[in-house]
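The values are calculated or read from the model by the stated rules, or taken from the named source; none is laboratory data. Predicted, not measured: the structure shown is a model, and the values here were computed from it. Cβ coordinates were reconstructed from backbone atoms using ideal geometry, including for glycine residues, and neighbour counts include every protein chain displayed.
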Amino acid sequence: MPQPELTKIAYKTLQYGKSIAGMAHKELSTKLMELLAPSAVPNLEPVSRELLLSLRKSIDQLEHQDWQDAERGIYSKAQLFEAPWLDWATRYPLVWLDLPSTWERRKINKIQDLPNEVDKNIYPDYYLQNFHHQTDGYLSNHSAGLYDLQVEILFNGTADAMRRRVLAPLKNGLQVFRSRKKSSIKVLDIATGTGRTLLQIQRSMPEIELLGIDLSLSYLRKANLSLNKQNGPLVQLIRGNAEALPFESSTIQGVTCVYLFHELPRYARENVLNECFRVIEPGGILVLADSIQLEDSPEFELVLSNFHKVFHEPFYKDYIHDDINYKLSTTGFENITSESFFMTRVWTAKKPLNPLKKTS
Ligand SMILES: C[S@@+](CC[C@H](N)C(=O)[O-])C[C@H]1O[C@@H](n2cnc3c(N)ncnc32)[C@H](O)[C@@H]1O
């Protein structure tokens, strides 16, 4: 059998294995919760067989796209297999040990259960919560250590495949600067968290300068471990609020932002978009990725509503109705596109070469 066929089978097998593992984990942990903490069990609408089949089809389409992008050289096929396997294996028992405190928070709706040492004055109010009922919110090394694995389980092993959907539009958008030295091109990842998106960008565009910003020092520390361990340009990781980016105007050629918007109140989403527009150089590109929304994925309405019942996501209900295309265009962006891949919608938008003032 030719090598590419074998690699494709290996990729599909890996993804299938992760999907089974993710589903088995969720099934088992729900059973355990029913047994040990029945009052924490959320009241969910049952998912029909038809819906399950269309979710499976949507995962297949995502993975097909992931494979195609590797085939056409947007990133290497090796990247499809990369993950901190040993780190995840050693942390997996901690995911289980963490469950009872998550159930307890859900049961009594305790949503501001944060470490005592957190200086509450340096964060916006909306941030000081246990998103997803996560232990310590985003504000401890413990939380940062478990986050990637928890997201991977939540999305049945497709999280990185979804994050990689920003790579093709980003590379394409940066083409306008192709006559420049690659090392002079800057890409900023907003709300970079533990750096999984930056890692995907770094692997596919190793020569460019990468920057990441996030409010959580613990998450940035975790990101630093994976992003700055090899030779090559240092990735700059900065603690800061995406609503007030600490960068000069028009100095960054590409901006990405993955899974932030559903965790922001509406006004903050607008502030972040204005800041993206300000820092991007005219001609540069913004690639946003976040949860699918009701308008584009009405067939998954039940999944969106169940997600919001299981996890503490205070702004999700508002987010899934928010017209991001409209917001992008009133911010001043042009050439706006959007496309969904399984649970993720990806928007691309260009800052015009001659930007006008905002229209509203
Ligand atoms: C759901 S996580 C997404 C992390 C990462 N982009 C990923 O793909 O996994 C949301 C991240 O947004 C960060 N965050 C939330 N509000 C923020 C803000 N106003 N400014 C900067 N980062 C913020 C959190 O600390 C957290 O790391």
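Observations on the model:
- When residue 123 is tested against the conditions (1) in contact (Cβ under 8 Å) with a residue 40 or more places away in the chain; (2) over 20 Å from residue 214 (Cβ atoms), the lone failure is (2).
- Those residues of the stretch 233-243 which are surrounded by 14 or more Cβ atoms within 10 Å (Cβ to Cβ) and either away from the ligand (no atom under 16 Å from the Cβ) or modelled with pLDDT under 95 (or both), in sequence order: 233
- For the stretch 200-213, filtered to residues that are without any contact (Cβ under 8 Å) to a residue 40 or more places away in the chain and surrounded by 24 or more Cβ atoms within 10 Å (Cβ to Cβ), the residue that is farthest from the ligand (Cβ to nearest atom) is 210.
- Residues located in the stretch 129-149, provided they are under 16 Å from residue 95 (Cβ atoms) and either charged (D, E, K, R) or near the ligand (Cβ under 10 Å from one of its atoms) (or both): 132, 134, 136, 143, 144, 147, 148
- Boolean, residue 119 is modelled with pLDDT under 95, over 20 Å from residue 92 (Cβ atoms) and in the same structural domain as residue 97 (by TED's automatic domain parsing): yes
- When restricted to residues that are loosely packed, with under 11 Cβ neighbours inside 10 Å and part of a helix (DSSP H, G or I), the stretch 1-30 contains 5.
- Positions within the stretch 110-128 being of a type outside the set (D, E, K, R) and away from the ligand (no atom under 11 Å from the Cβ), in sequence order: 111, 112, 114, 115, 116, 118, 121, 122
- Of all residues in the stretch 278-288, those that are crowded, with 21+ Cβ neighbours inside 10 Å and either among the acidic types (Asp, Glu) or more than 16 Å from residue 213 (Cβ to Cβ) (or both) total 2.
- Residue check, residue 46 loosely packed, with under 11 Cβ neighbours inside 10 Å and closer than 29 Å to residue 301 by Cβ: yes
- The stretch 214-232 - residue that is surrounded by 15 or more Cβ atoms within 10 Å (Cβ to Cβ) and closer than 21 Å to residue 78 by Cα and, of those, farthest from the ligand (Cβ to nearest atom): 228
- Residues in the stretch 172-186 include none that are of a type in the set (A, V, I, L, M, F, W, C) and within 12 Å of the ligand (Cβ to nearest atom).
- Scanning the stretch 250-273 for residues that are surrounded by fewer than 21 Cβ atoms within 10 Å (Cβ to Cβ), without any contact (Cβ under 8 Å) to a residue 60 or more places away in the chain and under 16 Å from residue 213 (Cα atoms) gives a single hit, 271.
- Taking (1) within 28 Å of residue 200 (Cα to Cα); (2) in contact with a Leu (Cβ under 9 Å, 6 or more places away or on another chain) in turn, residue 99 satisfies each apart from (1).
- Enumerated helices (runs of 4 or more DSSP H) restricted to the stretch 260-336, each holding at least 3 residues that are within 16 Å of the ligand (Cβ to nearest atom) and among the aliphatic types (A, V, I, L, M): 266-279
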